[in-house]
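**Q** Mind having a look at this structure? Questions to follow.
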Amino acid sequence: MEEKNELMCDEPGTHDDVVEKVRGDMPDDDTLYELADLFKMFGDSTRMKIMFVLMESEMCVCDIAELLGISQSAVSHQLRILKQSKLISSRREGKNIICFLADDHVRSIIDQGLSHVLE
């Protein structure tokens, strides 16, 4: 006997009113691709560690590298990716580059994700 997929409808057919409402509310494909790219930034554990560090405090690249036990070059590479995605910002202070989260939206995304994981 074939095993039934529990995530399949028992009866064929659609609920046209619901489908049309949701279709009208969905963002366009380009926006959804951008959203998917944003979430890819959260899919790398090194980038997540860096963003979590920056939630706690603004830090220079050398301090982030020391804290995470990875090279400044590796940190700089990940910071460049995060900056291109507008998740972090930076400023120069003398010979140091100080990094920080770009805005409260980034903090909120991380907080929400962490809350979900810890449920």
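The values are calculated or read from the model by the stated rules, or taken from the named source; none is laboratory data. Computed from a predicted model, the values in this text were never measured in an experiment. Cβ placement follows ideal geometry from the backbone for every residue including glycine, while neighbour counts extend to all protein chains displayed.
Let's see how each residue does on (1) among the polar types (S, T, N, Q); (2) part of a helix (DSSP H, G or I); (3) at pLDDT 95 or above:
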| position | (1), (2), (3) |
| --- | --- |
| D10 | no, no, no |
| T46 | yes, yes, yes |
| V75 | no, yes, yes |
| F100 | no, no, yes |
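**Q** A follow-up question, please. Checking the condition within 17 Å of F42 (Cβ to Cβ), of a type in the set (S, T, Y) and without any contact (Cβ under 8 Å) to a residue 60 or more places away in the chain, which residue from S90, S76, S108, S71 passes?
**A** Going through S90, S76, S108, S71 in turn, the sole match is S108.
**Q** Next question, about the same structure. Could you list all residues from region 41-98 that are under 20 Å from I110 (Cβ atoms) and of a type in the set (S, T, Y)?
**A** If the condition is that a residue be under 20 Å from I110 (Cβ atoms) and of a type in the set (S, T, Y), then S45, T46, S57, S85, S89, S90 are the ones that fit.
**Q** Among the residues in region 25-42, are any outside any loop (DSSP other than H, G, I, E, B) and touching a strand residue (DSSP E or B) at 6+ places or on another chain (Cβ under 7 Å)?
**A** Within region 25-42, none of the residues are outside any loop (DSSP other than H, G, I, E, B) and touching a strand residue (DSSP E or B) at 6+ places or on another chain (Cβ under 7 Å).
**Q** In region 68-119, what count of residues is obtained for those that are loosely packed, with under 10 Cβ neighbours inside 10 Å, in contact with a strand residue (DSSP E or B) (Cβ under 9 Å, 6 or more places away or on another chain) and not basic (K, R)?
**A** The total comes to 0.
**Q** Please determine, by comparing only the residues of region 54-67 that are surrounded by fewer than 15 Cβ atoms within 10 Å (Cβ to Cβ) and in contact (Cβ under 8 Å) with a residue 24 or more places away in the chain, which one is farthest from K95 (Cα to Cα).
**A** Result: M55.
**Q** Criterion first (under 24 Å from G113 (Cβ atoms), in a helix (DSSP H, G or I), in contact with a Ser or Thr (Cβ under 9 Å, 6 or more places away or on another chain) and modelled with pLDDT of 95 or more) does L67 satisfy it?
**A** So L67 fails the test.
**Q** Name the pairs: first residue in region 28-53 and surrounded by 12 or more Cβ atoms within 10 Å (Cβ to Cβ), second residue of a type outside the set (A, V, I, L, M), Cβ to Cβ under 7 Å, at least 6 apart or on different chains?
**A** Listed by first residue and then by second, the contacts come to L38/S85; M41/R47; M41/S85; F42/G113; T46/Q78; R47/Q78; M48/F42; I50/Q78.
Conditions tested, residue by residue: (1) touching a helix residue (DSSP H, G or I) at 6+ places or on another chain (Cβ under 9 Å); (2) of a type in the set (G, A, S).
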site: M59; (1), (2): yes, no
site: I64; (1), (2): yes, no
site: G69; (1), (2): no, yes
site: S73; (1), (2): yes, yes
site: L79; (1), (2): yes, no
site: I88; (1), (2): yes, no
site: R91; (1), (2): no, no
site: A102; (1), (2): yes, yes
site: V117; (1), (2): no, no
